[in-house]
Amino acid sequence: MTFDANDSVTLKIWDRSTLHHTLDSAVSDLSAQHNTTTCRVAVTCSGPNTFTLSLRGEGQALASA
C-alpha cells in the first residue's frame with residue numbers, strides 16, 4: 001500500500017479473489033481516517049491491478065449521491 005498524500009491511497013492487488021474485500025476495507029479505512037462517509041471516497045483503476053482511492057470534495061460527493 002502506498003500513501004500518495006493525506007487524502008489518497010494506491011493499492012496493487014494481485015489476488016483477484018480478494019479484490020472486492022480489499023477495496024471495501026480500504027474505502028472504510030480511508031473514510032474513517034478522515035471522519036467522513038464512504039460515498040466521498042472515489043476508486044479509480046490507475047493501472048494493471050492498481051487502484052487509487054481518494055477523497056472527493058463535498059460538491060462531488062453530493063452530486064453523485
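Sorted largest first by accessible area at a 1.4 angstrom probe radius, with every protein chain in place, the residues C45, C39 fall in the order C45, C39.
For a test of the definition: using alpha carbon positions, the gyration tensor, and the 1.5 limit on a/c, classify the range 1-57 as rounded, prolate or oblate. Since a/c reaches 1.5 and a/b is larger than b/c, the shape of the range 1-57 is classed as prolate.
The values are calculated or read from the model by the stated rules, or taken from the named source; none is laboratory data. All figures in this text were calculated on a predicted structure; none of them were measured in a lab. Surface accessibility is based on the protein's heavy atoms, side chains included, excluding ligands, DNA and RNA. Shrake-Rupley method; radii C 1.70, N 1.55, O 1.52, S 1.80 Å.
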